[in-house]
Amino acid sequence: MALPTVAIVGRPNVGKSTIFNRIAGERISIVEDTPGVTRDRIYTTSEWLNKKFAMIDTGGIEMADTPFMTQIKAQAEIAMDEADVIVFVVDGENGVVDADEYVAQILYKTDKPVILVVNKVDNPERRMDIFDFYSLGLGDPYPVSAVHGIGTGDVLDAIIENLPTETEEENPDIIKFSLIGRPNVGKSSLINAMLGEDRVIASPIAGTTRDAIDTNFTDSDGQEFTMIDTAGMRKRGKVYESTEKYSVMRAMRAIDRSDVVLMVLNAEEGIREYDKRIAGFAHEAGRGIIIVVNKWDTLEKDNKTLQKWEENIRDEFQYLSYAPIIFVSAETKQRLNKLPDLIKSVSQAQNMRIPSAVLNDVIMDAIAINPTPTDKGRRLKIFYATQVAIKPPTFVVFVNEEELMHFSYARMLENQIRKAFVFEGTPIHLIARKRK
Ligand code: GDP
Ligand code: GDP
């Protein structure tokens, strides 16, 4: 099920991205940690009072060479299409300006709740200034100072109150996956080809929200799959749909709903910045990942082509060393019949639980061969390890001092765990924790 979604709208410079970053909190900093991944301030997930939601900063969906008013109109429309709750930000230092009124006019057309936020109210004495904003006709304004973190708690409370209550439970036996990639890499062709291959059922399920279309099918072993709709498969002809930032945002949303992500590359074009950004997001989100190189039929190949491609992909996506790579053609159907089994095995890896005794044997063997690091005379001691979560598999290693667990030593432990167990296609998380 899709996470309930909040979109932030408003003219430039009112403080949308400052508010977004404040609400996003630490999630953003995690994303920054993946080397080679450009930070994206368009989409994130967040949590307040135990309620999870997705958040879009429509201000980040820029459209080059598009007039100012057209852009802010498109951003407001994206919010109305994609979100359950809209946060409309205005600037308390400037009072109401024409562009605010213009955005308000567009938002009148939606039935969705709109929360009016007056930002830059840094000084409590300025709170009187917010009354001007009643003229926008969108109810009570919430005064906020995003830079000082004043008032954002009230806005979050209002967001939570207005989010739809969750409906149906997810069926954990159904594997949810999505095909992600730039326009024209062949996502739709792959989907059609996959559904065409002796699959038992193919039923489009009209999503309850935002007219997302998912497709269910069952393979010959009886395994059920849900294929999640992404941008590029469904063209409605809005101005913003062809923009890259919009497509990145849609891809991020699909990744959040997926167990396994098929990252589709085009053999004719190679790897682009977009691919890295999206793959980095899937990695950080802890999803299963398969790298699918499509249009393999278009290349003139010799006996080194495949190996060269593999090396190049490993080089460009260093943090995805665990992801299997498959070279396919939607056109000739080459290797397409291997995809469902590959998705299944990656999903199994995501769900695998290692008994503590077996895990600790592996860890102790690793320590015996690779002495623990020392820092300023103190040596890292590892007491024991245990798996605390699946999807992605997450291990806690109890130690004497967390800071002594260096990145390179953690990487070595991860590699030893990967050697001992088949975690193909899934990131694994290793957390050092001080033994109390
Ligand atoms: P956006 O274009 O709407 O995303 O706006 P930004 O978040 O980039 O902010 C625009 C400018 O306003 C930046 O220089 C921010 O530092 C500043 N700003 C944001 N929030 C506040 C605030 O609460 N108080 C003050 N004084 N400045 C702010
Ligand atoms: P999408 O935008 O990612 O959904 O891409 P499409 O599935 O619409 O494909 C874009 C174009 O690439 C179409 O003209 C397809 O016929 C073509 N195409 C897709 N897969 C292959 C392939 O494996 N080989 C070749 N030669 N062309 C392909």
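The values are calculated or read from the model by the stated rules, or taken from the named source; none is laboratory data. The shown structure was predicted, so the numbers you read here are calculated from the model rather than taken from an experiment. When we count neighbours, we look across all protein chains shown, and the Cβ atoms used for this are built from the backbone with ideal geometry, even at glycine. Side chains included, ligands, DNA and RNA excluded: accessible areas come from the protein's heavy atoms. Shrake-Rupley method; radii C 1.70, N 1.55, O 1.52, S 1.80 Å.
Consider ASP122 carefully, then state whether it is open to solvent by 50 Å² or more (accessible area, probe 1.4 Å), within 24 Å of ASN21 (Cβ to Cβ), within 16 Å of ligand 1 (Cβ to nearest atom) and modelled with pLDDT of 85 or more. Yes. Check PHE317 against each of (1) at pLDDT 95 or above; (2) within 16 Å of ILE289 (Cβ to Cβ) and name the one condition it does not meet. It is condition (1) that PHE317 fails. Looking only at the stretch 130-160, which residues are part of a loop (DSSP other than H, G, I, E, B) and either within 16 Å of ligand 1 (Cβ to nearest atom) or not assigned by the TED database to the domain that holds SER46 (or both)? VAL144, ALA146, VAL147, HIS148, GLY149, GLY151, listed by residue number. Just one of the listed residues (ALA282, ALA251, ALA323) is touching a strand residue (DSSP E or B) at 6+ places or on another chain (Cβ under 9 Å) and part of a loop (DSSP other than H, G, I, E, B), namely ALA323.
When residues in the stretch 339-377 are screened for being over 23 Å from SER408 (Cα atoms), at pLDDT below 95 and loosely packed, with under 12 Cβ neighbours inside 10 Å, 0 of them pass.
Any idea how many residues of the stretch 165-188 are open to solvent by less than 60 Å² (accessible area, probe 1.4 Å) and either farther than 25 Å from MET263 by Cβ or within 15 Å of ligand 2 (Cβ to nearest atom) (or both)? Spell out the reasoning first.
As a first pass, look at the stretch 165-188 and keep what is open to solvent by less than 60 Å² (accessible area, probe 1.4 Å): 174-182, 185-188.
Cutting the leftovers down to either farther than 25 Å from MET263 by Cβ or within 15 Å of ligand 2 (Cβ to nearest atom) (or both) gives us 178-182, 185-188.
Count: 9.
Where residues in the stretch 39-79 are open to solvent by 60 Å² or more (accessible area, probe 1.4 Å) and charged (D, E, K, R), which of them is nearest to TYR274 (Cα to Cα)?
The residue in question is ARG39.
Taking the stretch 101-119 as the range and being assigned to a helix (DSSP H, G or I) and either within 12 Å of ligand 1 (Cβ to nearest atom) or outside the structural domain of ASP57 (by the TED database) (or both) as the test, only VAL103 passes.
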